[in-house]
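Visitor: A single structure is presented below for examination.
The values are calculated or read from the model by the stated rules, or taken from the named source; none is laboratory data. Predicted model only: the values in this text are computed from it and were never measured. Here the Cβ positions follow ideal geometry from the backbone for every residue, glycine too, while neighbour counts run over all protein chains shown. With ligands, DNA and RNA removed, areas are computed over all heavy atoms of the protein, side chains included. Shrake-Rupley method; radii C 1.70, N 1.55, O 1.52, S 1.80 Å.
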Amino acid sequence: SMGSACMEPDRLVACFESLGDSCEFGLVQREAGAEPLGLLRFAGFPGAAEDRLGDLVTALDRGFDGLGDPDTVEVILAGEPGHQEYVVRESVYGLFYHTFLGPTDVEAATLRRNETIRLRFLRRKLLTDLASAEKIFVWKCNVAIDVMRVRRLLAALRRHGPATLLWVCAADAAPGRVGSVEQLADGLLRGVIDRFAPYEPMANIHHDA
């Protein structure tokens, strides 16, 4: 319905919004020339991969209420001297993300203030995107996840609007031809790619797949 066959790659990938569980799809969007704003494009939940889906559902059920409160945002300097980068952690939901900025780019206090504003804006944008349902939301996990848990994610999304969820699986975790997409239920699609990039380092992504 979006005319994807004739759509330029950057416009095509911008029709989707990542819900995690890693920044892989966000990097696919970057490779295609798109830099859409999204709360979870480069942000993630800590803990084991199989636990992050539950954290996401809980956050959605709460509407990410309290995200970006100034007292909950911490800026941490990580990395070796000469290759340091600020990482943001917030304590309400445990989200963390890279900023791609270092001490030569911005002062930590300024960055912390900016990130509280940014998180509040991205929370509002996510809720607006869920309500409008103009985008397809994408979620993947490097480990096999039962479909019933993914249905709970769809239910959490649909409490905010008539969202469509594309659940992406690796070929070894789901039957089906690589590159295929099937509809499992109203609003729930499952796509299959050959494999995911490892969590660390996020390298050798199969962008074409």
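Visitor: Keeping the other protein chains in place, figure out the carbon and sulfur percent of the accessible area of segment 114-181, with a 1.4 Å probe.
Guide: Working: 1850 of 3370 Å².
After summing per-atom areas, the C and S share lands at 55 percent.
Visitor: Any chance you could give the angle, 0 to 90 degrees and rounded to 10, that helix 108-132 forms with the longest Cα principal axis of the chain?
Guide: It is inclined by approximately 20 degrees.
Visitor: Another question, if that's okay. Segment 36-192: Rg/Rh from Cα coordinates, Kirkwood Rh?
Guide: On the way: Rg = 17.2 Å, Rh = 17.0 Å.
Here the Rg-to-Rh quotient is 1.01.
Visitor: Within the chain, what percent of beta bridges assigned by DSSP are antiparallel, to the nearest 5? Display every interim value, and only then the final one.
Guide: On the way: 15 of 29 bridges.
For the chain, the DSSP antiparallel bridge percentage is about 50.
Visitor: Please give the length that would be gained between E85 and E182 if that part of the chain were fully extended, namely 0.36 nm times their separation in residues minus their C-alpha to C-alpha distance (nm, one decimal).
Guide: Details: separation 97, 0.36 × 97 = 34.92 nm, distance 4.04 nm.
Separation in residues times 0.36 nm, less the Cα-Cα distance, equals 30.9 nm.
Visitor: Convert each backbone phi in segment 69-79 into a coupling constant with the Karplus relation 6.51 cos²θ - 1.76 cosθ + 1.60 (shift: θ = phi - 60°), then list the ³J(HN,Hα) values in order as whole Hz, x for Gly and Pro.
Guide: With coefficients 6.51, -1.76 and 1.60, one gets 4, x, 6, 9, 9, 10, 10, 10, 8, 10, x Hz.
Visitor: Oh, and also: Considering only protein heavy atoms and a probe of 1.4 Å, how much of the accessible area of segment 1-88 is carbon and sulfur, as a whole percent?
Guide: Details: 2190 of 4240 Å².
Solvent-exposed carbon and sulfur of segment 1-88 make up 52 percent of the total.
Visitor: Output the peptides 195-202, 77-84 sorted from most to least packed, where packing is the average of other Cβ atoms within 10 Å over each peptide's residues. All intermediate terms of the calculation are to be shown ahead of the outcome.
Guide: Working: 195-202: 13.6, 77-84: 9.1.
Listed from highest to lowest mean packing, they are 195-202, 77-84.
Visitor: Probe of 1.4 angstrom, ligands and nucleic acids ignored: what's the accessible area per residue over the chain, in square angstrom? Mind showing how you got there, number by number?
Guide: Numbers: 10750 Å² over 209 residues.
That works out to 51 Å² per residue.
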